[in-house]
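K.L.:
So that we are looking at the same thing, I have put the structure below in structure tokens.
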Amino acid sequence: MNKIDNHMPTAEIQALDAAHHMHPFTKGNEINAKGARVITSGTGVTLSDSEGNEYLDAMAGLWCVNIGYGRKELADVAARQMAQLPYYNTFFQTTHPPVVALATRLAQLAPGDLNHVFFAGSGSEANDTNIRMVRHYWASLGKPDKKVIISRKNAYHGSTVGSASLGGMTPMHAQGGLPIPDISHIDQPYWYGEGGGKSPEEFGLERARCLEAEILRLGEGKVAAFIAEPVQGAGAVIIPPQTYWPEIQRICDKYEILLIADEVICGFGRTGNWFGSQTFGIRPDIMTVAKGLSSGYIPIAATLVSDAVADVINGGDFNHGYTYSGHPVACAVALENLRILDEEGVVDHVAKVAGPYLAKKWKSLADHPLVGDARCIGLMGALELTSDKATRAGFADEGAAGQICRDHCFDGGLIMRATGDTMIISPPLIMQESDIDTLVARARSALDKTYADLKERAFFNRV
Ligand SMILES: *Cc1c(COP(=O)(O)O)cnc(C)c1O
């Protein structure tokens, strides 16, 4: 199939895009003046644009296309399900086979007794469900004052009013009157950026104990839950020190605080286990999943709920649900995605082949003069750009170096994202060793070009 001829000329698409399409998380006027890159197709780990350029997609779309592009099985399953039953809800004393099959499969895969599933259309919606569910849980147990949810600065939990309030992104809170009441944010376990001279272990414990301090400040009787990503994704792949999660678990247990693991990125193999909670030894009461659940082929998300919490919620009416909760086509596609992950041993591939290989190659980038830290876990990683490796100093014009590097990546056929001056990757889980070689070689070349640019623009003299 021709990749270009079935589309309008690029300039026409860009003009219409500028005229009518509002982009998420984007300076509208800037993209409209420049013209958006038009992505037209994908196969495996590679994307193509309307000009015929190819890119190694080291972000798996937006942390989601875990089985890679172009898996026709998912399209076939969707077509079959659409023909048989394109839609029905489960509000009115009804159910349907795809939703039952997917809920059952998720209960099997999930650790512990997370045996119950409430579906949503996106990670944001699922986290909104969590806000309502944990507050309703405590109210049902006669503790209506236990409603504060503690989260973390620089966390990402979505973009709806509720989920953005859970998140700790200050630029998001600055718009639209967020956060909503009864959400509080503690410091994150970001050792490279905030750990100073402490060892990672010491710093991990210290940041975990911020949770205890916050519970004591608020009063145990006021706190419903703690929510966190096992590894912060959008926050810039912040991998907590080994001491962090065990201490968090101890504190949640001690004060009877529900633990919500937001596994929207970490779930389904990203860290080398089915769930990030397994990688870090966490026992969540509630888990949020989305993105990798369908490898991004169709929108679907879910809240996985423990026996104990489900018992209470099921005790009465839970006045909550979405038109597309448990959408049959989305459930069928997600099931097929999980079948592929399982039968093709994708999670094992991350744990035993791709993850260890990426770790070796990725960490070799730490010798670059621009790189202050090269970290990764499973198949997610970050490079901290710095103007001074010894002091970990950033740049006077924060975020500019990251953008320059990101643009060099694109020009060199690599999609890597910049969060401020941190470059991040989260490639498809099906990456082979040769793909990782290409990824790292292109990343190094982009770093070299960025370094030369920054020297020319006197970035290093300004700090
Ligand atoms: C992407 C993301 C979300 C939000 O999911 P959407 O489908 O974009 O609503 C929530 N939590 C985490 C950790 C995410 O990465």
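K.L.:
Would you mind checking the pairs LYS291/LYS352; LYS389/LYS455; LYS147/LYS254; LYS222/LYS254; LYS291/LYS449 and listing those with alpha carbons more than 21 angstrom apart?
P.N.:
Values: LYS291/LYS352 23 Å; LYS389/LYS455 15 Å; LYS147/LYS254 17 Å; LYS222/LYS254 15 Å; LYS291/LYS449 33 Å.
Violating the 21 Å Cα-Cα cut-off are LYS291/LYS352; LYS291/LYS449.
K.L.:
Can you pull the percent of the stretch 70-159's accessible area that's carbon plus sulfur, 1.4 Å probe, other chains left in place?
P.N.:
Numbers: 2450 of 4330 Å².
Looking at the stretch 70-159 in its full context, I get 57 percent from C and S.
K.L.:
Given H placed on each backbone N at 1.01 Å, which residues far from LEU258 in sequence or on other chains put an amide H within less than 5 Å of it?
P.N.:
Answer set, sorted by chain and number: ALA225, PHE226.
K.L.:
Under 12 Å from the Cα of LYS360, which aspartates and glutamates turn up, not counting those fewer than eight places away in the same chain?
P.N.:
Result set, ordered by chain and number: GLU433, ASP437.
K.L.:
Let me check something: with ligands and nucleic acids excluded, how do TRP274, TRP362 order by accessible area (1.4 Å probe), largest to smallest? Walk me through the numbers before you get to the answer.
P.N.:
Working: TRP274 50, TRP362 0 Å².
Most to least solvent-accessible, the answer reads TRP274, TRP362.
K.L.:
Could I ask something else about it? Simple spin-label model, 7 Å along Cα-to-Cβ: ASP187 to HIS7 in nm?
P.N.:
4.7
K.L.:
Give me the one-decimal Kirkwood hydrodynamic radius in Å for the stretch 88-157, with the sum taken over alpha-carbon pairs.
P.N.:
Values: mean 1/r = 0.0690 Å⁻¹.
One over the average 1/r among Cα pairs gives 14.5 Å for the stretch 88-157.
K.L.:
How high is the relative contact order of the chain? Use alpha-carbon pairs under 8 Å, at least six apart in sequence, and give a whole percent. Write out the running numbers ahead of the final one.
P.N.:
Details: 928 pairs, mean separation 86.4, N = 463.
Relative contact order here is 19 percent.
K.L.:
Here is a further query. HIS23: accessible area at probe 1.4 Å, nearest 10 Å²?
P.N.:
That residue has around 50 Å² of solvent-accessible surface.
K.L.:
Work out, step by step, the length gained on full extension between THR104 and GLU398: first 0.36 nm times the residue separation, then minus their alpha carbon distance; give nm to one decimal. Don't skip to the answer; put the middle values down first.
P.N.:
Working: separation 294, 0.36 × 294 = 105.84 nm, distance 4.67 nm.
Extra length from THR104 to GLU398 when fully extended: 101.2 nm.
K.L.:
Work out from phi, with θ = phi - 60° and the Karplus expression 6.51 cos²θ - 1.76 cosθ + 1.60, the ³J(HN,Hα) of each residue of the stretch 151-158, listed in order in whole Hz, and give x for Gly and Pro.
P.N.:
Taking θ as phi minus 60°, the curve returns 10, 10, 4, 6, 7, 10, 10, x Hz for the stretch 151-158.
K.L.:
Related question: Applying the Karplus parametrisation 6.51 cos²θ - 1.76 cosθ + 1.60 with θ = phi - 60° to the phi angles of the stretch 53-66, what ³J(HN,Hα) value in whole Hz is obtained for each residue in order, glycine and proline being reported as x?
P.N.:
Working through the residues one at a time gives 6, 10, 10, 7, 8, 7, 10, 6, x, 10, 6, 10, 7, 5 Hz.
K.L.:
Determine the per residue accessible area of the chain with all protein chains present and a 1.4 angstrom probe, expressed in square angstrom. Present the calculation step by step, with values, prior to reporting the outcome.
P.N.:
Values: 19700 Å² over 463 residues.
Value for the chain: 43 Å² per residue.
K.L.:
Turning to a different aspect of this structure: In deg cm²/dmol, rounded to 500, what helix-only [θ] at 222 nm does the chain give when every DSSP H run of at least 4 residues adds -39500 (n - 2.57) and the total is split over its residues?
P.N.:
Numbers: 18 runs with 188 residues, N = 463.
Calculated at 222 nm, the ellipticity per residue is -12000 deg cm²/dmol.
K.L.:
Let me ask another. In Å³ and rounded to a whole number, note down the convex hull volume per residue for the Cα atoms of the chain. If you can, show how the numbers build up before the last one.
P.N.:
On the way: hull volume 71.0 nm³, N = 463.
Value for the chain: 153 Å³ per residue.
K.L.:
Over the Cα atoms of the stretch 307-463, what radius of gyration and what Dmax do you get, in Å?
P.N.:
Expressed in Å, the Cα Rg and Dmax of the stretch 307-463 come to 21.1, 66.
K.L.:
Still on this structure: Can you work out the Karplus-derived ³J(HN,Hα) for every residue in the stretch 353-369? Use 6.51 cos²θ - 1.76 cosθ + 1.60 with θ = phi - 60°, whole Hz, and x for glycine or proline.
P.N.:
Values per residue, Gly and Pro as x: 10, 5, x, x, 5, 4, 4, 4, 6, 5, 5, 5, 6, 5, 7, 6, x Hz.
K.L.:
To the nearest 10 Å², what's VAL100's accessible area with a 1.4 Å probe?
P.N.:
Accessible area, nearest 10 Å²: 70 Å².
K.L.:
How much of the accessible area of the stretch 221-359, probe 1.4 Å, is carbon plus sulfur, in whole percent?
P.N.:
Working: 2010 of 4150 Å².
On the stretch 221-359, the fraction of accessible area on carbon and sulfur atoms equals 48 percent.
The values are calculated or read from the model by the stated rules, or taken from the named source; none is laboratory data. Only a predicted model underlies this, so the values are computations on that prediction, with no experimental measurement involved. Virtual Cβ from ideal backbone geometry, glycine too; neighbours counted across all protein chains shown. Calculation scope for accessible area: heavy atoms of the full protein, side chains included, ligands and nucleic acids excluded. Shrake-Rupley method; radii C 1.70, N 1.55, O 1.52, S 1.80 Å.
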